[in-house]
Amino acid sequence: MIFNLVKKDFLLAKKNLVYMIIFAVIAPILIFSKLGISDFGSFISFLITIIFVEYILFNMVSMSENKYKGTALLCTTPYTRRRMIEAKYLFILVIFMGTFLLYNLAVAIGPSKGLERLTTFQIGISLMMVSILFGILIPIQLKIGFERTKYFSFFTIFLIPFIVPAIIEGFQSQGINLQMELVQMLPIYVREWLPIGVSFVIGIISMKISIRIFTAKNL
């Protein structure tokens, strides 16, 4: 049942889906060519790409549901409110996985550009960033509505390409590694998979909050 809800979200976003698939392949190559961050260029290219793809597709679904009162109509069907929220988070995860596969296609297409495959740690950090952003956005949007959050979320997402490279450059200039000293004390297999574990914890906490908000909401 939950997969039907995820399929519904992809159908709502289908107008932009093909463009996003093309973007997910081309954008990392273009972003990498513009960045002057040799150590983290591939990671930053993927991170910026995934955030844009996630936001645009999620925003398309939210806009359609808001315009056509889709959420209210779904509540009249056998789908529970809990399943509807779980589907939103699964939608975000499926987009992440799909974009990651397309990034690897970009790596295969443009090896001469220097784009590299990501480490497990970098994938985890990217997923954690997505979990934090949407872990905050989804509950707030459910609480106060799409119209009141769309401009704030738009400016937040589109400022990231300017902020993240500056932060990474600051780390590099200070000799700070993304894998902090405390984390480096952990066994390598724990260190590599820790961000992914943290991402799922953030997602589960956010989902529980969202379910509580949505269950109590009068549509």
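The values are calculated or read from the model by the stated rules, or taken from the named source; none is laboratory data. No experiment lies behind these values; they were computed from the predicted model shown. Please note: Cβ atoms are built from the backbone with ideal geometry, for glycine as well, and neighbour counts cover all protein chains shown. Areas reflect the complete protein model, heavy atoms only, side chains present, ligands, DNA and RNA absent. Shrake-Rupley method; radii C 1.70, N 1.55, O 1.52, S 1.80 Å.
Does region 40-94 hold any residues that are not hydrophobic (A, V, I, L, M, F, W, C) and not in a helix (DSSP H, G or I), and which are they?
Once the filter is applied, which keeps residues that are not hydrophobic (A, V, I, L, M, F, W, C) and not in a helix (DSSP H, G or I), region 40-94 yields Lys69, Thr76, Thr77, Pro78, Tyr79, Thr80.
In region 108-119, what count of residues is obtained for those that are in a helix (DSSP H, G or I) and modelled with pLDDT of 90 or more?
Residues in region 108-119 being in a helix (DSSP H, G or I) and modelled with pLDDT of 90 or more: 0 in total.
Among the candidates Phe10, Phe58, which residue alone is at pLDDT 90 or above, open to solvent by less than 30 Å² (accessible area, probe 1.4 Å) and more than 22 Å from Val107 (Cβ to Cβ)?
Residue meeting the stated conditions: Phe58.
Answer yes or no: is there a residue in region 73-95 that is within 18 Å of Ile211 (Cα to Cα) and in contact with a Lys or Arg (Cβ under 7 Å, 6 or more places away or on another chain).
Checking region 73-95: at least one residue is within 18 Å of Ile211 (Cα to Cα) and in contact with a Lys or Arg (Cβ under 7 Å, 6 or more places away or on another chain).
Pick from Ile157, Ile202: which is surrounded by 11 or more Cβ atoms within 10 Å (Cβ to Cβ) and at pLDDT below 85?
Ile157
Report whether or not Phe121 is crowded, with 18+ Cβ neighbours inside 10 Å, within 30 Å of Tyr189 (Cα to Cα) and touching a Lys or Arg at 6+ places or on another chain (Cβ under 8 Å).
So Phe121 fits the description; yes.
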